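Q: One structure coming up, written as structure tokens, with questions to follow.
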Amino acid sequence: MMNLSLGQYDFSILLNDARVIDDEIVYPHKHSYEVMKLFQARYELYKSIYNHLTVHSIEIILCDVLMAAHKVLYDFEQAIWDPEVYTRLTDNVIYEIKVSDDPRLAKAQALIKRLNRREFYPYVGEVIFGSESMASGQKGKELYSRITEKDVVACAQQDGYGLTLREEDIALRKYKLNFAQGDKSPFDNVKFYRAPNFDHAALVDQYSVSMITPKNFQEHILRLFVKDPAKFEIADRAFKKLARDMIGMEVVVGKTQSGSVRRTTDQGLSQI
């Protein structure tokens, strides 16, 4: 069950006391910590809810459903250029696939049934790139951007599992989390005013608000799912090998089928 107590801050005082100075929305200095809590709340919501493992798994299944229905029900690539067709691409597309008698949609229909049974794609693990490792030359950024399912399969082949693990058996998700300012602190851009001077606003040093603040403000995540539960262990070994040999990380903890937690850190990346 989701912890819906995440993301708590008093938005009302920010709305009530916000002012516009020099065409910028600014806040009273006395509420600077509340602004810090706002950005922290945003990060927590994206980290724990919007990018929850189940959310990503469902998204991947839905993508597979649409790929299986591509050029059968609609040509999704061309639909964006035809306003009349595009307006029909609503959530009802899933229902249209579900009730269709076209045998070419059998794969898509099977995936929808799997989704309805809550048989989501199992989560294998993830690798987290911190801001510092991404900023170390271009090495971290290039490595993060170029890794694909093909690399995971290549690691499986090196261990002798190439005959049973294919690119279509796995799904690699890439996403980033931050405080809405890329790898920068939000306090680099948010301004505050002090009473009784209501016509002047200035930046505030984040450490004058709290000494307990993040060192990094952005992280990039590689997250692996396996579509066939029978190939979970193979994908697990391949992903750990990729993390260790290609990225320079060790899988520390992560969510497995048994319920334990597996994650990776970016320790050692700067040494590649």
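Q: Looking at (1) at pLDDT 90 or above; (2) touching a strand residue (DSSP E or B) at 6+ places or on another chain (Cβ under 8 Å); (3) more than 27 Å from Ala110 (Cα to Cα), which is the one condition that is false for Ala171?
A: (3)
Q: Also, quick follow-up: Could you please give the count of residues in the range 160-204 that are closer than 30 Å to Lys141 by Cβ and under 29 Å from the mean Cα position of the chain (by Cα)?
A: The qualifying residues number 28.
Q: Any idea which of (1) closer than 30 Å to Lys215 by Cβ; (2) touching a helix residue (DSSP H, G or I) at 6+ places or on another chain (Cβ under 9 Å) is the one Tyr43 doesn't satisfy?
A: Unmet condition: (2).
Q: Examine the range 64-75 for a residue that is of a type in the set (Lys, Arg), over 30 Å from Asp205 (Cα atoms) and not in a helix (DSSP H, G or I), and state whether such a residue exists.
A: Yes, some residue in the range 64-75 is of a type in the set (Lys, Arg), over 30 Å from Asp205 (Cα atoms) and not in a helix (DSSP H, G or I).
Q: In addition: Which one is surrounded by the most Cβ atoms within 10 Å (Cβ to Cβ), of the residues in the range 202-252 that are of a type in the set (D, E, K, R) and under 30 Å from Lys191 (Cα atoms)?
A: The extreme case among them is Glu219.
Q: In the range 64-116, what count of residues is obtained for those that are in contact (Cβ under 8 Å) with a residue 12 or more places away in the chain and either β-branched (Val, Ile, Thr) or in contact with a Gly (Cβ under 6 Å, 6 or more places away or on another chain) (or both)?
A: 6
Q: Could you say which residue among Lys176, Lys184, Lys215, Lys241 is of a type in the set (Lys, Arg) and at pLDDT below 90?
A: The match here is Lys215.
Q: Still on this structure, please answer the following. Collect the residues in the range 200-239 that are in contact with an Asp or Glu (Cβ under 8 Å, 6 or more places away or on another chain) and either in the same structural domain as Val65 (by TED's automatic domain parsing) or not in a strand (DSSP E or B) (or both), keeping them in residue-number order.
A: Asn216, Phe217, Lys227, Asp228, Lys231, Ala235, Arg237, Ala238, listed by residue number.
Q: Write out, first by first residue and then by second, each pair whose Cβ atoms fall under 7 Å of each other, whose residues are 6+ apart or on separate chains, and whose first residue, in the range 44-55, is outside the structural domain of His220 (by TED's automatic domain parsing) and over 14 Å from Tyr123 (Cβ atoms) while the second is in a loop (DSSP other than H, G, I, E, B) and of a type outside the set (Asp, Glu).
A: So the pair list comes out as Glu44/Leu6; Glu44/Gly7; Leu45/Leu6; Leu45/Gly7; Ser48/Asn3; Ser48/Leu6; Ile49/Met2; Ile49/Leu6.
Q: Which one of these is farther than 30 Å from Asn197 by Cα, touching a strand residue (DSSP E or B) at 6+ places or on another chain (Cβ under 6 Å) and either among the β-branched types (Val, Ile, Thr) or not in a helix (DSSP H, G or I) (or both): Ile49, Ile97, Ile60?
A: Unique residue meeting the criteria: Ile60.
Q: Something else: On the given criteria, is His29 under 26 Å from Asp169 (Cα atoms) and in the same structural domain as Lys107 (by TED's automatic domain parsing)?
A: no
Q: Taking only pairs six or more apart or across chains, which ones have beta-carbon atoms under 6 Å, a first residue in the range 129-148 that is under 17 Å from Ala171 (Cα atoms) and surrounded by 14 or more Cβ atoms within 10 Å (Cβ to Cβ), and a second residue that is at pLDDT 60 or above and not hydroxyl-bearing (Ser, Thr, Tyr)?
A: Note: pairs meeting the criteria are Tyr144/Phe129; Tyr144/His220.
The values are calculated or read from the model by the stated rules, or taken from the named source; none is laboratory data. In this text the structure is predicted, and so the values were computed from the model without any measurement. For neighbour counting, all protein chains shown are included, and Cβ atoms are generated from backbone atoms with ideal geometry for every residue, glycine included.
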